[in-house]
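Worksheet for the structure shown next.
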């Protein structure tokens with residue numbers, strides 16, 4: 001009977017090992033997402049017609065000669081600027097009349113002549129006071145009060161006062177221009193005009209020669225007085241009253257000049273087909289860039305509809321070729337990823353993020369000239385998608401994504417090889433530096449590497465195509481800005497994508513590796529034996545994972561939590577029984593197996609309650625797989641009425657765990673490490689040979705039972721894992737030399753007695 005069962009089992013294993021798939025599974029969902037990505041990218045790039053990118057910055061040397069392919073019109077910037085400069089020069093400067101000097105002069109003249117009238121009629125005792133007040137008014141002049149009284153008789157005071165006030169107001173109302181302004185504005189242009197404005201009078205424009213100087217204004221006022229002595233006296237008095245009152249109004253002048261320049265239409269010049277627009281080695285100017293822009297626009301306008309459609313179709317097919325190449329590379333390096341639609345959707349979203357930003361920047365540059373053409377390719381955030389893909393999906397997926405985005409961006413930028421080369425350099429740098437990002441600070445180091453590569457590329461391009469210092473500084477600034485913003489946005493978006501796509505990154509795993517986690521603290525108190533077992537398994541698994549190049553951090557964290565389900569009934573597991581009675585002695589083998597296997601289900605429930613990530617859930621479910629609980633299975637067979645333990649009476653499915661076999665190398669390592677560590681505790685006086693023999697038995701049992709069938713491990717890797725376990729366990733279970741006895745120490749004697757009594761105690765199963 002046993003022979004029949006063994007042959008049946010061996011046949012099942014052979015069938016399982018030799019089973020091959022004759023049909024190739026087509027990942028229809030991934031193909032559909034790829035087609036949607038291609039259609040959307042084609043529409044995004046060319047849905048509104050072709051866009052020409054000019055890969056040349058102002059101040060940069062042109063790499064080749066460009067000749068006009070069609071006739072087109074373009075503004076002559078130099079002629080337009082000259083016309084606008086002349087229009088601005090033709091606008092006369094604006095001077096504003098300050099009313100306060102005229103008001104002060106009129107008021108002082110009225111006061112002075114009022115004092116003269118009061119003096120003529122005042123009593124003798126008050127005349128001195130009036131003379132004193134007149135002296136105060138005449139301060140700053142060389143005129144004496146007695147001279148003023150003698151020159152202006154009483155009968156002429158009122159008439160003279162009226163004439164002076166009226167003429168001062170009139171003369172100063174027309175405006176008096178200072179000598180400083182005359183020399184500044186009109187010394188070399190006496191025929192120019194100026195505009196005079198005031199709050200009361202309408203604005204007027206007059207020739208410079210019609211304006212009055214301070215001396216001319218004084219003479220004009222004094223000439224209205226017929227008496228020669230009075231005129232001479234006034235010529236000495238008026239300089240402190242009649243002063244310049246025209247002030248230059250810069251704001252009004254600039255506004256008028258701006259209106260004049262805005263009114264000048266651009267000077268349009270026609271360029272014929274065959275005209276060289278720029279020659280190789282010439283420094284690009286603003287006029288050069290404008291010529292190239294209008295030329296490309298005219299070329300597009302003159303294309304027939306069929307030609308435009310064919311060009312768009314050609315570029316679309318080029319994009320499709322690049323996408324297919326990326327998909328093929330992804331299928332080779334990450335075949336499992338193709339069969340995961342959610343991961344493909346994530347790659348689609350990340351690629352559209354980069355391509356959307358590239359299209360937006362090109363639109364802002366072409367339509368509104370907000371971004372200089374020479375800075376465009378350095379502002380495209382290639383690193384954002386690659387960093388996110390590297391952290392979320394791995395370096396291989398990041399490189400495939402970077403290849404596609406670099407290729408598509410190069411097509412958008414008029415098949416520019418420099419754009420593709422820059423994108424690939426950033427891709428390789430970001431993917432390689434983001435492979436082992438365990439801390440968020442490591443992401444910033446990756447960002448610094450990306451910035452350094454971008455700066456190096458700016459310098460290389462500058463050597464091949466020299467540019468002005470200002471252009472070089474602008475491109476370097478754009479490279480730094482793009483690199484740092486990509487890093488910051490990647491840091492902010494990682495938690496969102498982790499939650500949305502249920503991905504566990506090394507950053508999250510490192511946070512879970514904190515031994516202060518509530519679950520681990522609870523396990524250390526309630527199930528200390530299981531806690532210690534988990535730490536030992538973590539050490540074994542981590543060393544083995546590093547030996548074969550698997551994710552050692554993932555397997556270590558999963559080892560910490562793989563047995564948390566034992567906290568529901570810790571006393572039923574050997575590592576927690578210690579010197580207590582074994583509760584399994586009172587249970588049937590079937591019930592014991594049910595209790596033991598339930599820790600998987602209990603662990604899943606506890607992990608979900610604490611929102612542990614999916615890899616930890618997989619570890620809990622797969623660390624035993626659907627393996628046999630051999631101890632209680634053999635115990636049930638020995639207790640069976642049939643002394644042979646016939647399968648008819650004992651069903652091995654009742655003694656199997658309810659999990660699933662390991663499907664990744666990390667879960668397989670955890671499963672083997674769990675079994676190896678537990679078995680190593682039963683070795684008496686362990687030696688490397690005993691450990692090696694036990695490892696051979698455990699590994700053979702796991703393989704025969706089909707627990708390694710889906711783990712994607714080669715026999716060479718399995719052997720490497722075995723050797724790593726043997727080495728680690730040999731060091732963990734090493735012996736110690738006996739310490740010499742101290743007969744004088746009563747504490748050491750009592751410890752030896754306790755130790756001896758413990759050694760004689762029966763071992764719990």
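The values are calculated or read from the model by the stated rules, or taken from the named source; none is laboratory data. In this text the structure is predicted, and so the values were computed from the model without any measurement. Cβ: placed from backbone, ideal geometry, glycine included. Neighbour counts: every protein chain shown.
Residues in the range 576-612 that are in a loop (DSSP other than H, G, I, E, B) and surrounded by fewer than 21 Cβ atoms within 10 Å (Cβ to Cβ): 9 in all. Based on what the data block shows, is residue 161 touching a strand residue (DSSP E or B) at 6+ places or on another chain (Cβ under 7 Å), more than 29 Å from residue 257 (Cα to Cα) and either touching a residue at least 24 places away in the same chain (Cβ under 8 Å) or assigned by TED's automatic domain parsing to the domain that holds residue 470 (or both)? It is false that residue 161 is touching a strand residue (DSSP E or B) at 6+ places or on another chain (Cβ under 7 Å), more than 29 Å from residue 257 (Cα to Cα) and either touching a residue at least 24 places away in the same chain (Cβ under 8 Å) or assigned by TED's automatic domain parsing to the domain that holds residue 470 (or both).
Set side by side, the residues 460, 471 differ, and just one is surrounded by fewer than 17 Cβ atoms within 10 Å (Cβ to Cβ), more than 30 Å from residue 553 (Cβ to Cβ), assigned by TED's automatic domain parsing to the domain that holds residue 326 and more than 16 Å from the chain's Cα centre (by Cα), which is 460. With the structure loaded, tell me whether residue 707 is surrounded by 17 or more Cβ atoms within 10 Å (Cβ to Cβ) and under 20 Å from residue 630 (Cα atoms) or whether it fails that test. Here the answer is yes, as residue 707 does meet what is asked.
For every residue, the table says whether it meets (1) at pLDDT below 85; (2) buried (at least 17 other Cβ atoms within 10 Å of the Cβ).
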site	(1), (2)
226	yes, no
240	no, no
252	no, no
257	no, yes
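Given the structure, is residue 188 within 29 Å of residue 83 (Cβ to Cβ) and part of a loop (DSSP other than H, G, I, E, B)? When the stated conditions are applied, residue 188 passes them.
Could you tell me whether the range 432-445 includes any residue that is in a helix (DSSP H, G or I), closer than 30 Å to residue 46 by Cα and modelled with pLDDT under 95?
No; the residues of the range 432-445 include none that is in a helix (DSSP H, G or I), closer than 30 Å to residue 46 by Cα and modelled with pLDDT under 95.
Given the condition under 20 Å from residue 380 (Cα atoms) and either outside any helix (DSSP H, G or I) or over 18 Å from the mean Cα position of the chain (by Cα) (or both), answer yes or no: does some residue in the range 448-457 qualify? Among the residues of the range 448-457, at least one is under 20 Å from residue 380 (Cα atoms) and either outside any helix (DSSP H, G or I) or over 18 Å from the mean Cα position of the chain (by Cα) (or both), which makes the answer yes. Restrict the check to the range 544-563 and report whether at least one residue is surrounded by fewer than 17 Cβ atoms within 10 Å (Cβ to Cβ) and not assigned by TED's automatic domain parsing to the domain that holds residue 384. Yes, the range 544-563 has at least one match.
Results for (1) surrounded by 18 or more Cβ atoms within 10 Å (Cβ to Cβ); (2) part of a helix (DSSP H, G or I); (3) in contact (Cβ under 8 Å) with a residue 40 or more places away in the chain; (4) over 48 Å from the mean Cα position of the chain (by Cα), shown as yes or no for each residue.
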| site | (1), (2), (3), (4) |
| --- | --- |
| 63 | no, no, yes, no |
| 78 | no, yes, yes, no |
| 81 | no, yes, no, no |
| 104 | no, yes, yes, yes |
| 111 | no, yes, no, yes |
| 129 | no, yes, no, yes |
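Looking only at the range 524-569, residues that are under 23 Å from residue 392 (Cβ atoms), assigned to a loop (DSSP other than H, G, I, E, B) and in contact (Cβ under 8 Å) with a residue 40 or more places away in the chain come to 2 in all. Can you say whether residue 500 is modelled with pLDDT under 95 and crowded, with 22+ Cβ neighbours inside 10 Å, as far as the supplied structure shows? In short, no. Mind listing whichever residues of the range 220-260 are out of contact with any helix residue (DSSP H, G or I) (no Cβ under 7 Å at 6 or more places or on another chain), without any contact (Cβ under 8 Å) to a residue 12 or more places away in the chain, within 18 Å of residue 109 (Cβ to Cβ) and assigned to a helix (DSSP H, G or I)? Across the range 220-260, the qualifying residue is only 232. How about the range 706-726: which of its residues are assigned to a helix (DSSP H, G or I) and within 16 Å of residue 674 (Cα to Cα)? If the condition is that a residue be assigned to a helix (DSSP H, G or I) and within 16 Å of residue 674 (Cα to Cα), then 718, 721, 722, 723, 724, 725, 726 are the ones that fit. No other residue among 418, 353, 429 is in the same structural domain as residue 452 (by TED's automatic domain parsing), in contact (Cβ under 8 Å) with a residue 12 or more places away in the chain and closer than 30 Å to residue 26 by Cα apart from 353. The set of residues in the range 374-392 that are surrounded by fewer than 24 Cβ atoms within 10 Å (Cβ to Cβ) and over 30 Å from residue 289 (Cβ atoms) contains only 392. Only one of the numbered conditions (1) within 16 Å of residue 729 (Cβ to Cβ); (2) modelled with pLDDT of 90 or more is not met by residue 682, and that is (2).
Here residue 212 clears all of (1) over 14 Å from residue 178 (Cα atoms); (2) without any contact (Cβ under 8 Å) to a residue 60 or more places away in the chain; (3) more than 60 Å from the chain's Cα centre (by Cα) except the condition numbered (1).
Residue-by-condition table, conditions (1) exposed (fewer than 13 other Cβ atoms within 10 Å of the Cβ); (2) at pLDDT below 90; (3) out of contact with any strand residue (DSSP E or B) (no Cβ under 6 Å at 6 or more places or on another chain):
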{"position": "275", "(1), (2), (3)": "no, yes, yes"}
{"position": "291", "(1), (2), (3)": "no, yes, no"}
{"position": "304", "(1), (2), (3)": "yes, yes, yes"}
{"position": "310", "(1), (2), (3)": "yes, yes, yes"}
{"position": "319", "(1), (2), (3)": "no, no, yes"}
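Have a look at 731, 745 and point out the one that is exposed (fewer than 15 other Cβ atoms within 10 Å of the Cβ), more than 51 Å from the chain's Cα centre (by Cα) and modelled with pLDDT under 90. Show your work before the answer.
On the way: 731 fails: more than 51 Å from the chain's Cα centre (by Cα).
Result of the check over 731, 745: 745.
The number of residues in the range 434-447 being without any contact (Cβ under 8 Å) to a residue 24 or more places away in the chain and in contact with a helix residue (DSSP H, G or I) (Cβ under 9 Å, 6 or more places away or on another chain) comes to 2.
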